[in-house]
Every structure is written in structure tokens, then in C-alpha cells.
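K.L.:
First the structure, which I've put down as C-alpha cells, then a few questions once you've had a look.
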Amino acid sequence: MLFVLLGLGLSQVESATDGFCYYQTSCGPTSWPVTYPTCQGTEQSPINIQKNRTIRDEHLGEFKFHQYDNRQFLTQIKHTKMSVKVRVKPGMELSGGGLRAVYLVSQFHLHWGQNISAQGSEHMLDGKRASMELHIVHRQTNLTLEEAFKHRQGLAVLAFFIEIESGIAEDPAWRNLTRTIKYLKEDGDHYDLNETVSLMDLINTVNHTKYYRYNGSLTTPECNEVVVWTVFEEPIHLNASLVECFFEYLHVNHAGGDKLVNNFRPVQSNGNPVLSSPAASRGADIGPTRSPAGGTHGGDSTPQQLMVTTSGSARRGPLFLVLLLPLAGLFLRPV
Ligand SMILES: [Zn+2]
């Protein structure tokens, strides 16, 4: 009995002293704004993207992915206590896509729920959460990582939803990546990828011209508001057999302890406009429902509120769109 109590106590102390967690009241997402004041900012992530509230921006064109198809750049997958992260060699660069700088891939990681039938993405699309979410984190090439954490749009994150689809074949690249998960039972475990997969192998089933764009934050403390987000509309579809390992093998601290599940932050309020690329769908074409520079956006808007706020401006929508687009562009410029 004593050992059981000591075991439970140690687990909680470890979580609390390591700063933040996803599970306990003392260190979970609702406590982050208290412990980390930046987490209560006005440009927080993730958000619920409501397609018919986005603003179409002709400048959001195709991305240029440099060296994303080179398998030599993904070196190691590692258990980081709150996720699994893939380390990369420097050299994969991102530009285009309406970005105002060239960005270098720093790492990528994932967020997930608690089982095959649960939802674990961070962003939501029209109020729906996906099974998982992939985040590819980039920093501006002319900044160090430390500088990027303090610089508006210092970081660019590409977010991909992952949906489980029964009956489809196992994707070879995702099979190569996820077969390593069983070796990552506890914090610090890692596994060399040995040039078995490239970044493009993992994302090439998605249409890269359909996406949403907004300025937000890191989704973990200290929630720095330095991220230009790109959330792709189309999900990556994976067979359930490739996703099960995330719920089965990973533990928060040590093998045998709490399972590492539900590592996603709830959606936040964010007053920034959400832009849509010309190829992305925008739901019902009713025009913008608020000023791009003001108002609220996020999971706190109910469909009823949306109906009330859109009813008066529906006919004026297209005119507002023409007048406000230049303002939206200015707002997204780094300052
Ligand atoms: Zn993330």
C-alpha cells in the first residue's frame, strides 16, 4: 500500500515540477494562464476555424518545399514527455504560400486523443476535431531559435489533420514512422530513423493549396504569440492500425505510469482574422461577419451566435470583403 501511495505521489510531483501537463488541475491547460501569463494573451492557439468566417486572400498561393522529399533529413524520433518529436538536420526550407520570409524546418511532432474512436487534434474545423494533428515547426532562417521565440511570425507551423479511415491500405511512409513508437515507452526514449522516411512522404496525399492562415501562438507554455499558422483543409487519412500505437505504448513519465494521451490544448479566443487560400472552401458564401482586426474568433462562438451576427451583414458581405482585404494583409505583416 505504501509503495502504491509513493508511486502515485511521485507521478504527481514529477508532473507538477516539470511545469505543465495535460491531465491534472494543478498543471493542466486551465492553469497555464496563471503560471505562464503569456498563455492568457489575445492571439492564442489553437482555434476553431469557421470556414464561412474566413477571408479569401489571393496572395495565399503555392508553397515551395525545399528538400522535404530528402530522406536524409529526418534523423531521430524521440519521446519528449508531452509528445513524440522528430529531429531533423538543418536544410529543409519553406517559402511561398503567402509567407513573408523563408523558414527552416526545426522539428515535427503530433497531438492525439485517448483511443481510436476519440478526437485529439488541437485545431477544429467548423466545430469538428480530427483524430490527430501533425505540427511541422519552422523558424525564420535569419533568426536563431531563441530569437524566433520573441519575434512576431518568427515561427511558422504547418498543421495537418489526421483522420482514421477503415479499409484503406497502410501508408508505407507512416508505417515506417509509426513502427518506431513501440520503442518510445517513456520520456527520453529515442529511435534512429535511418533514412527510411521523408517529410514529403508523410504529407504528399494532401492538397497543399487548400489552407487557412492566421497569427497565433505556441499551443504549449509559454504560449509565445510568434506563430504564423497554416492549417490545411484536407486531412491525412490513415489506417487505424497505424494510429493504435500512440494509445498503446506511450507513457507520460515512465513505462507503467500514466498513458500519454489527450495531449491537446482546448481551442482559444483569438481576435486575429483567419484567411483562406483561394483553393480552400469557405462554407456558405455569406461574406465576413466582423472586422478582421477586431471581434472574437474561437470555440466560444456558438452556431446561434453566428446566425445572429451574420443576419444583418449578409447582403453587405461582398462589399466589406473588398474594402477590408487590404487591411487584413497589413495586419498579417510582421512588425
Ligand atoms: Zn504541436
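K.L.:
Just rank SER26, SER269, SER117, SER277, fewest to most, by other beta-carbon atoms within 10 angstrom. Could you put the intermediate results ahead of the total?
P.N.:
Working: SER26 12, SER269 17, SER117 9, SER277 26.
Fewest-to-most Cβ neighbours within 10 Å comes out as SER117, SER26, SER269, SER277.
K.L.:
Continuing with the same structure: What is the P(r) of segment 206-276, as percent of Cα-Cα pairs per 5 Å bin from 0?
P.N.:
3, 12, 14, 17, 17, 17, 13, 6, 1
K.L.:
Taking the Cβ-Cβ separation of HIS237 and ARG87 as r and a Förster radius of 35 Å, what is the calculated FRET efficiency to the nearest 0.05? Mind showing how you got there, number by number?
P.N.:
Working: r = 26 Å, r/R0 = 0.75.
Plugging the Cβ-Cβ distance into 1/(1 + (r/R0)^6) gives 0.85.
K.L.:
How would you rank ARG179, ARG139, ARG71, ARG129, going from fewest to most other Cβ atoms within 10 Å of each one's own Cβ?
P.N.:
Going from sparsest to densest Cβ surroundings: ARG179, ARG71, ARG129, ARG139.
K.L.:
Now for a separate question. Sum up the charges of everything whose Cβ sits under 15 Å from the Cβ of ALA118, counting Lys and Arg as +1 and Asp and Glu as -1, but leave ALA118 out.
P.N.:
Values: positive: LYS128, ARG129, LYS259; negative: GLU122, GLU133, GLU163, GLU244, GLU248.
In short, -2.
K.L.:
Around SER217, under 14 Å between beta carbons, what's the net of Lys plus Arg minus Asp minus Glu among the other residues?
P.N.:
Values: positive: LYS150, ARG152, ARG265; negative: GLU43, GLU122, GLU222, GLU225.
Once all neighbours under 14 Å are counted, the net charge is -1.
K.L.:
Sticking with this one: If you stretched the chain out fully between ASN207 and GLU244, how much longer would it get, using 0.36 nm times the residue separation minus the C-alpha to C-alpha distance?
P.N.:
Values: separation 37, 0.36 × 37 = 13.32 nm, distance 2.54 nm.
That pair, ASN207 and GLU244, stretches by 10.8 nm at full extension.
K.L.:
With the cut-off at 31 Å, tell me which of the pairs LYS128/LYS182; LYS64/LYS128; LYS185/LYS210; LYS89/LYS185 have Cα atoms farther apart than that.
P.N.:
From LYS128/LYS182; LYS64/LYS128; LYS185/LYS210; LYS89/LYS185, over 31 Å: LYS185/LYS210.
K.L.:
Using packing as a proxy for protection, rank 94-105, 163-174, 245-256 so that the peptide with the highest average count of other Cβ atoms within 10 Å comes first. Before the final figure, lay out the partial values.
P.N.:
Numbers: 94-105: 19.3, 163-174: 13.4, 245-256: 17.2.
By packing density, highest mean first, the sequence is 94-105, 245-256, 163-174.
Only the coordinates and a few stated rules stand behind these numbers; no lab work does. In this text the structure is predicted, and so the values were computed from the model without any measurement. Positions of Cβ are backbone-derived with ideal geometry, glycine not excepted, and every protein chain shown enters the neighbour counts.
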